[in-house]
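Right, one structure below, let's go through it.
The numbers here are math on the coordinates, done by the rules we state, and not lab data. The shown structure was predicted, so the numbers you read here are calculated from the model rather than taken from an experiment. Cβ sites come from the backbone with ideal geometry, for glycine too, and all protein chains shown count toward neighbours.
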Amino acid sequence: MGRRSQYPEEFRREAVRLVLTTDKSMAEVGRDLGINYKTLGNWVRVEEARQARDGEPGALSENERLELKRLRKENSELRVEREILRKAAAYFAKETIR
């Protein structure tokens, strides 16, 4: 699990917007805002990937992706539980036959 960012989300979005909409380089924007240009570059790369993902036809929204992840985890847990119950039922069925 990563550490919590020291920069608020709104600040990050605004910094990325400045890089993407102005003629300034990432290093210039970083200097103006007092952040490392590599950090800013990471934020820009994440935003560009998000835009590319969202721009695809039939792309899932962020909420839909989170819900899908939760449902996949729940599905996996239910499969494990079902397998345990199947084995327990077979064991008890064998015990009652004796």
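Data table
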quantity: Tilt relative to the chain, helix 37-55 - C-alpha long axis, 0 to 90 degrees, to 10; calculated: 60
quantity: Per DSSP, loop trypsin sites (Lys or Arg not before Pro) in segment 1-69 with at most 10 further Cβ within 10 Å; calculated: 3, 4
quantity: Lys, Arg +1 and Asp, Glu -1 on Cβ, resulting dipole of the chain about Cα centre, debye, nearest 20; calculated: 700
quantity: Column: log10 I(q)/I(0), Debye, Cα scatterers of the chain, q = 0.16, 0.18, 0.21 Å⁻¹; calculated: -0.84, -0.95, -1.08
quantity: Three principal axis lengths of segment 49-98 [C-alpha, angstrom, descending]; calculated: 64, 15, 13
quantity: Relative contact order of the chain, defined on C-alpha pairs under 8 angstrom at six or more residues apart (%); calculated: 15
quantity: Angle between the chain longest axis and helix 62-97 axis [Cα atoms, degrees, rounded to 10]; calculated: 20
quantity: Cα long-axis angle, helix 9-21 against the chain (0 to 90 degrees, to the nearest 10); calculated: 60
quantity: Helix-only [θ]222 nm of the chain, DSSP H runs n ≥ 4, -39500 (n - 2.57) each, per residue, nearest 500; calculated: -26500 deg cm²/dmol
